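The values are calculated or read from the model by the stated rules, or taken from the named source; none is laboratory data. What you see is a predicted model; the values in this text were computed from it and never measured. Note that each Cβ is placed from the backbone with ideal geometry, even for glycine, and that neighbours are counted across all protein chains shown.
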């Protein structure tokens, strides 16, 4: 990490659990960025994070003190999901730019309060969705925007992961409604839901089923399926679970009457279009060698920090240039709204219509 300087962009990380470590590693690869403070309700957690990753920065339990520091330009909120609102709003009110780990919050209403606070204080807001920054997903987005699929008819995504009972038992907040906000959908598959909305646009109708089938002592689902209707007319399917052994790489697929593309993690499994172009052949050649990354399918600590680094670099550029980051707060809200609708459908047994 670079030494402090006039042009450095200082971050305070709020919450010093596992995901904070990804942000520390990611920020080390962002030019000009540095960590100015670590904040945790448990000071030992902050000190351990600093020691483990060789950070030379203040550690504190006092959020207000960290927000008062002139060398803090922005915060990264990595607290439990249902505790994102309060530190994010406090940071915005202190004039600091705000980065929030996914989900932005666990309800759309709580998302709206974060968005409103950032708007009111004139600060930037970013929701962390690193899957959007993967090379294969960016290539897929370019193909969608170029109309390569013709009439898109079906979009599908799977997050068939495995989490042992110990995963829920050790964390305190994992698997709770108040702080996790949901299970396999809200915590794990929200990345997939975000990708679907980014690629396909708004959802108008949702029908969903959820169940807790392979875990005990949790208040949320470990298995979920949903059917979607998009505003453009296409249909969609989501499968999400933390109950599948041994845990499979996540997938996303787009199908149309002129093409099919299937992405597994950041590997392109299918890239078939008619007529095939030189660009299509180049895509196949580029992604011919599978990376085979698990992406956290069975181990949440196995996720790469590369997407975080790309997204945080985008955020720093956006703040310095006075433009919106690639994934702002309103983008982050969209997946929460759709997942809430799936939960509502599962509770009521009815299709939920989303008004846009």
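Evaluate the following for residue 31: is it assigned to a loop (DSSP other than H, G, I, E, B), without any contact (Cβ under 8 Å) to a residue 40 or more places away in the chain and assigned by TED's automatic domain parsing to the domain that holds residue 113?
no
For region 143-165, give me each residue that is touching a residue at least 24 places away in the same chain (Cβ under 8 Å), closer than 16 Å to residue 255 by Cβ and either in a strand (DSSP E or B) or out of contact with any strand residue (DSSP E or B) (no Cβ under 7 Å at 6 or more places or on another chain) (or both).
152, 153, 154, 155, 156, 157, 158
Would you check if residue 289 is part of a helix (DSSP H, G or I) and either surrounded by fewer than 22 Cβ atoms within 10 Å (Cβ to Cβ) or at pLDDT 95 or above (or both)?
no
Exactly one of (1) surrounded by fewer than 21 Cβ atoms within 10 Å (Cβ to Cβ); (2) under 20 Å from the mean Cα position of the chain (by Cα); (3) touching a residue at least 24 places away in the same chain (Cβ under 8 Å); (4) assigned to a helix (DSSP H, G or I) is unmet by residue 138. Its number?
Status for residue 138: all satisfied but (3).
From the set of residues in region 34-60 that are in a helix (DSSP H, G or I) and out of contact with any strand residue (DSSP E or B) (no Cβ under 8 Å at 6 or more places or on another chain), which is surrounded by the most Cβ atoms within 10 Å (Cβ to Cβ)?
If we take residues in region 34-60 being in a helix (DSSP H, G or I) and out of contact with any strand residue (DSSP E or B) (no Cβ under 8 Å at 6 or more places or on another chain), then 45 is surrounded by the most Cβ atoms within 10 Å (Cβ to Cβ).
Do we find that residue 225 is under 17 Å from residue 338 (Cβ atoms), in contact with a strand residue (DSSP E or B) (Cβ under 8 Å, 6 or more places away or on another chain), modelled with pLDDT of 95 or more and surrounded by fewer than 19 Cβ atoms within 10 Å (Cβ to Cβ) in this structure?
Details: under 17 Å from residue 338 (Cβ atoms): yes; in contact with a strand residue (DSSP E or B) (Cβ under 8 Å, 6 or more places away or on another chain): yes; modelled with pLDDT of 95 or more: yes; surrounded by fewer than 19 Cβ atoms within 10 Å (Cβ to Cβ): yes.
Yes; evaluated as a whole, the condition is true for this residue.
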